[in-house]
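Right, one structure below, let's go through it.
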Amino acid sequence: MRRSNLWWGIILVCIGALLLLENLGVLAPLNIKAGPLIFSLALIGLGAWTLWASQRRGHFTTEELSIPLEGEEIQVNLDFGAGELRVTGAALGEILLSGTFEDVEYDVSHEGGRQRVRLSSPPFVGPYWIIGPGQHRRWMMALNDAVPLALTVKTGASDVRLDLTDVQVTRLKLESGANAMHVIAPAHAGYSEIRGSSGAASLSVEIPQGVAARIRTTGALASISVDRERFPKMEGEYRSPDYETAANKVDIKLEMGVGSISIR
């Protein structure tokens, strides 16, 4: 557990309890403008949550997971709440994905030649930046780099790094909450699509050299930065001059509420 979070939890509970007792008339006035009763209860609740979160790390269940490759059309869905997510590619032979996971539930289904894998995390633990380093859930995983696949990543308050350089992702769908996400696009997948939407986040996309791109972004309150030397703007979108004829290319469409988008 983090000792600092433990003490903050105790302090908040104590202050909330004192203000509650003053509000209820149990204690003599403390000459503190305590505000409404709900404020005292909120402090106690926040303190209790902080105490619980400071000890949560010790209750994570760590699992080494390896899922066989059993289909020709592959769909992988990652439903990740709060914490740290790392995805990369590797030569895994007959294994579709493998890695180390803390608090994971998974389901594998087959229909004809289609294999669908869904990994999800249990209910919300807490934003990784509040719980602190060493306290948040981690998934560290590798995807088979020899088979084409579609990947959906849905995240909450988390730190996400997707290095798909060697993964043959034909379609990547991103749905994120308040998080920081860095994506390296596939380098040898032929044609790939990246579609993403976020309420409030920081999203950066790195496009490997030799990969062409078509980029469309929207965001009323978003800061959008695109490397215009590689992807000049034309006809309302950013596009590589050789996009139509490139052997490897990525079609990107991102929607951002509040936050920042960086594409290089």
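If I filter the stretch 190-213 down to residues being without any contact (Cβ under 8 Å) to a residue 60 or more places away in the chain and surrounded by 23 or more Cβ atoms within 10 Å (Cβ to Cβ), which single residue comes out as nearest to T155 (Cα to Cα)?
It comes out as A201.
Among the listed residues Y243, Y238, identify the single one that is surrounded by 12 or more Cβ atoms within 10 Å (Cβ to Cβ) and part of a strand (DSSP E or B).
Result: Y238 is the single residue among Y243, Y238 that is surrounded by 12 or more Cβ atoms within 10 Å (Cβ to Cβ) and part of a strand (DSSP E or B).
Condition first: closer than 22 Å to Q209 by Cα and either crowded, with 19+ Cβ neighbours inside 10 Å or out of contact with any Ser or Thr (no Cβ under 8 Å at 6 or more places or on another chain) (or both). Now tell me which residues in the stretch 167-183 satisfy that.
V167, Q168, V169, L172, M181, V183
Considering only residues that are within 16 Å of N144 (Cα to Cα) and under 15 Å from the mean Cα position of the chain (by Cα), which ones fall in the stretch 77-117?
Matches in the stretch 77-117: N77, L78, R86, V87, T88.
Can you list the strands (runs of 3 or more DSSP E) found entirely within the stretch 169-217 that contain at least 1 residues being in contact with a Phe, Trp or Tyr (Cβ under 8 Å, 6 or more places away or on another chain)?
Strands (runs of 3 or more DSSP E) meeting the threshold: 169-176.
Does G45 fit the bill of being in contact with a strand residue (DSSP E or B) (Cβ under 8 Å, 6 or more places away or on another chain) and modelled with pLDDT of 70 or more?
Taking the combined requirement at face value, the residue does not satisfy it.
The values are calculated or read from the model by the stated rules, or taken from the named source; none is laboratory data. Note that the structure is a prediction, hence the values are computed from the model and not measured. Using ideal geometry, Cβ is built from the backbone for each residue, glycine included, and neighbour counts are taken over all protein chains shown.
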